[in-house]
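The values are calculated or read from the model by the stated rules, or taken from the named source; none is laboratory data. Since the structure is predicted, the reported quantities are computational estimates derived from the model, not experimental observations. Every residue, glycine among them, receives a Cβ derived from its backbone with ideal geometry; neighbour counts consider all protein chains shown. These area figures cover heavy atoms from the full protein model, side chains too; ligands, DNA and RNA do not enter into them. Shrake-Rupley method; radii C 1.70, N 1.55, O 1.52, S 1.80 Å.
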Amino acid sequence: KFGHIYLINNKTLEGSFMFIITTFFIIFTTNPQMFFFNGLVISVLLGITELFTPGKFDNLTVPIVSSIILGTIL
């Protein structure tokens, strides 16, 4: 029903969009004092990381990249 627009590494546009929205929601749920723009940039960067990572390795790269990004911003 959903996920018909394929992008890179057999990932869909709809899945990437939902990943960004979910990441944005999690960031503001766990850290409500973060600025809106910072949360949006982090979410988009993690979405791009997830998009370009091959399917088997995205569970490894996304936490590492998120730790690096959050460590430099916070």
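Structure above, values below:
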{"read-out": "Neighbours by Cβ (under 6 Å, 6+ apart or cross-chain): first from segment 63-74, under 15 Å from Ser43 (Cβ atoms) and among the hydroxyl-bearing types (Ser, Thr, Tyr); second in a helix (DSSP H, G or I) and open to solvent by less than 80 Å² (accessible area, probe 1.4 Å)", "value": "Ser66/Leu46"}
{"read-out": "Matching residues, segment 24-43, being loosely packed, with under 12 Cβ neighbours inside 10 Å and either in contact with a helix residue (DSSP H, G or I) (Cβ under 9 Å, 6 or more places away or on another chain) or in a helix (DSSP H, G or I) (or both)", "value": "Thr29, Thr30, Phe36, Phe37"}
{"read-out": "Residues (closer than 27 Å to Gln33 by Cβ, open to solvent by less than 30 Å² (accessible area, probe 1.4 Å) and out of contact with any Leu (no Cβ under 8 Å at 6 or more places or on another chain)) located in segment 50-73", "value": "Glu50"}
{"read-out": "Long-range neighbours under 6 Å by Cβ, at least six apart or interchain, first residue closer than 15 Å to Gly47 by Cβ and assigned to a helix (DSSP H, G or I) within segment 1-21, second modelled with pLDDT under 90 and open to solvent by 60 Å² or more (accessible area, probe 1.4 Å)", "value": "Leu13/Ile5; Leu13/Leu7; Glu14/Phe2"}
{"read-out": "Subset of segment 1-23 (residues that are under 15 Å from Pro54 (Cβ atoms), of a type outside the set (Phe, Trp, Tyr) and open to solvent by 100 Å² or more (accessible area, probe 1.4 Å))", "value": "Asn10"}
